[in-house]
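Below is one structure, written out as structure tokens; comments come after it.
A short reminder: the numbers here are calculations on the coordinates, not readings from a lab. Predicted model, so just to flag it, every value in this text is computed and none were measured. In this analysis, Cβ positions are derived from the backbone assuming ideal geometry, glycine residues included, and neighbour counts consider all displayed protein chains.
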Amino acid sequence: MRNLCSWSWAFALLALASPAFAQDEAVLWAAGDIASCNWTGDETTAALLERLGAPDAGWVAALGDLAYPAGTSRQFARCYDPSWGRFRERTLAVAGNHEYYTRKAAGFFGYFGAEAAHPPIGFAAHRIGSWSVYALDSRCLLDQSCLPGGELYARLEAALREDPARCSLVLVHHPRFSSGVHGSNARMQPLWALFQRYGVELVLSGHDHHYERFAPLDAEGRSDPERGTVQFVAGTGGAGLRKLRQRASGSLFADDAHHGVLELTLAEGRYTWRFVSTEDEVLDAGAAGCHD
């Protein structure tokens, strides 16, 4: 899946490997900031995923900081695996900053294996239904490989340029925009400009422990309904929730009181979303089309 020289061949294999869904739709459930042996939030979100149908169909996006506090092999085995581990074979995972509290994120990569966005490039490509999904290791913000001229940046740009899919989304732990404790991350700006240039529809992130949906924005945070990228922050997988700070420009909906998962239904040229709490409440929902 990572060999761009055989991109069409890889997409064909991925399409064959995808589960069958009604008509042209595929489902992706997403959250980050998930598990610890010292809390039960991950168990309640895992139970929610089961009620929504995750064991039988669709895909799960695990958006980093998955096994607190340090992402060791022991913490993945004892804390993450008993809850979200039941969806492991259907999980697309990206590492967060807590995974790197263990040297080279060895616990994370040892648990998820070859399909994770492995160093040294930190990039993986997947196909879900008619959509392309790109998983990025945002540690590239430290080694600058996701800046123009860096290896991850070049790999992603080549993939986006050659991508035959109309609709695409990106999984990355650190958000470009956020109203949470960590706030917006200006170091993500070059990547966001790349997303916008090639028409990426959605970016799914964690890191801040709340749920938030943004309007289509350009890399500077300005409204761009025609070419902008929509970001969801979903750091609601089980870790302790944190109060919102001053609302960032472009934030359309935010919730800091509920654990839950973002459910995306991905179809040809369009998508719908729901943020579902562990109390089975739909707190935010809507639909939109992909860029022309």
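Some points to look at:
- Mean shadow area of the chain, taken as a quarter of the surface of its Cα convex hull (nm²): 13.1
- Take every pair of alpha-carbon atoms less than 8 Å apart whose residues are at least six positions apart; their mean separation over the length of the chain yields a relative contact order of 19 percent.
- Take every DSSP beta bridge whose two residues both sit in the stretch 48-195; close to 45 percent of them are antiparallel.
- Exposure proxy for Cys37, Cys290: other Cβ atoms within 10 Å of each Cβ, ordered fewest to most, give Cys37, Cys290.
- Taking every DSSP helix (H) stretch of at least 4 residues in the chain, weighting each as -39,500 (n - 2.57) and dividing the sum by the residue count yields a mean residue ellipticity at 222 nm of -5500 deg cm²/dmol.
- Neighbour-count order for Ser168, Ser178, fewest beta carbons within 10 angstrom listed first: Ser168, Ser178
- Among beta bridges that DSSP assigns inside the stretch 4-289, antiparallel share in %, nearest 5: 65
- HN-Hα J in Hz across the stretch 218-223 - Karplus 6.51, -1.76, 1.60, θ = phi - 60°, x for Gly and Pro: 8, 5, 8, x, 8, 4
- GNM top mover of Ala186, Ala31, Ala114 - the chain, alpha-carbon springs below 10 Å: Ala114
- Footprinting exposure proxy for Asp56, Asp163 (fewest neighbouring C-beta atoms within 10 Å first): Asp56, Asp163
- For the stretch 278-285, putting each phi into the Karplus relation 6.51 cos²θ - 1.76 cosθ + 1.60 with θ = phi - 60° gives couplings of 5, 8, 6, 8, 8, 8, 8, 7 Hz, in residue order, rounded to whole numbers and with x for Gly and Pro.
- For the pair Arg88 and Ser223, the difference between a 0.36 nm per residue extended length and the Cα-Cα distance amounts to 44.9 nm.
- Take each peptide in 81-94, 121-134, 274-287, count the other Cβ atoms within 10 Å of every residue, and average; sorted highest first, the result is 121-134, 81-94, 274-287.
- Packing-based order for 233-243, 187-197, using average beta carbon neighbours within 10 Å, highest first: 233-243, 187-197
- Considering only the stretch 190-239, percent of DSSP beta bridges that pair antiparallel, nearest 5: 55
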